[in-house]
Amino acid sequence: MQEKRLYVAILSKLWIITNQLARRNLTPEQMSYLRGVRYNIENMGVGQPKKEWSQNDSKGRTREKLAKEYGVSPKTIQRDAKFAREVDKLPPEEKQDIKSTLSKTAGQPQEIKAQ
């Protein structure tokens, strides 16, 4: 029963992340963080009921699947995962500062640099 609850919690978190990534007003940093969190969740393998989890599996590696889904390279997914792990390691007050900074910039026009 405990394993089933963990499975439901994981699926819920994945649904939330996928839904957030579908939004158009995310900053590149927010997208990177959410892709990284998704990769880390899908790659952890803990608490995944073997038969039920396989419905979400596809052939190939997780980073390649996510890279194709989001139109980035597999290396970008790896960097996103590292970024998400580092943000999640921060003390709660620092993590909140970073997340609030990321959310304040959402929807604001990004500066275009002349080349």
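Tabulated data
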quantity: Chain lengthening between SER73 and ASP88 when straightened (0.36 nm per residue, less Cα-Cα); calculated: 3.1 nm
quantity: Entries of LYS4/LYS68; LYS13/LYS89; LYS68/LYS95; LYS75/LYS95; LYS13/LYS82; LYS68/LYS89 with Cα pairs more than 26 Å apart; calculated: LYS4/LYS68; LYS68/LYS95; LYS68/LYS89
quantity: Label zone at ASN25, where the point sits 7 Å out along the Cα-to-Cβ direction: region 59-101 residues whose backbone N lies under 18 Å; calculated: 99-101
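Each reported figure results from applying straightforward, stated rules to the coordinates on display, with no laboratory input. These numbers were taken from a predicted model, which means no experiment stands behind them. A quick note on method: Cβ atoms are made from the backbone with ideal geometry, for glycine too, and the neighbour counts reach across all protein chains shown.
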